[in-house]
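Accompanying notes for the structure given below.
We did not get these values from a lab; they are worked out from the coordinates using the rules stated. What you are looking at is a predicted structure, and each value in this text was computed from that prediction instead of being measured. FYI the Cβ positions are ideal-geometry reconstructions off the backbone, even for glycines, and counts take in every protein chain you see.
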Amino acid sequence: MLAIAYRSIAIHPFSEDEVTLLADTAAMKNERLDVTGYLYFRDSQFIQYIEGPEDQLRALFNRIAGDPRHTVTHQIELPDRTQRIFPHWYMRFVDHESANRATPAIEDELTFILTTASEKDLSPEEFASALDTITTRIATLDLA
């Protein structure tokens, strides 16, 4: 199993409703592909983490990266995962309210990753470490 995490900048001006619809549509497709993960959006920036069978995941990420509505700026592959972090989230949209309600709040950490990635060129190791930490925290939260 493989996991891929990335940060991208929206070219298209997405509303929160559009991002919710995007996540819902992705969830339906991902269920058929056996792909799980989450999507976070703030200030025209996305963070997404997806996991699943390597062939399906690589093909999916190629389609995601080719979407003209955004530009991928940071990407990391996390190979050889033995189990899923999100076994039941085909595509969970982590919005501002749920990120702030989480105890402790994860909004600041997600914003820090986006801001840091915007302001300086993170090494692949720094980006992977930051995303792995927040992804593990998101998996333990009740965001309902």
Simple SL model, points at 7 angstrom along Cα→Cβ for Asp43 and Thr133; separation in nm is 1.8 nm
Descending packing, highest mean Cβ count within 10 Å first, for 37-45, 16-24, 4-12 is 37-45, 4-12, 16-24
Place a point 7 Å from the Cα of Asp80 in the direction of its beta carbon; the residues of segment 1-44 whose amide N falls under 12 Å from it are 1
Distance in nm between Arg58 and Lys29 label points, each 7 Å along Cα→Cβ, equals 1.9 nm
Packing-ranked peptide list from 65-77, 49-61, highest mean Cβ count within 10 angstrom first, is 49-61, 65-77
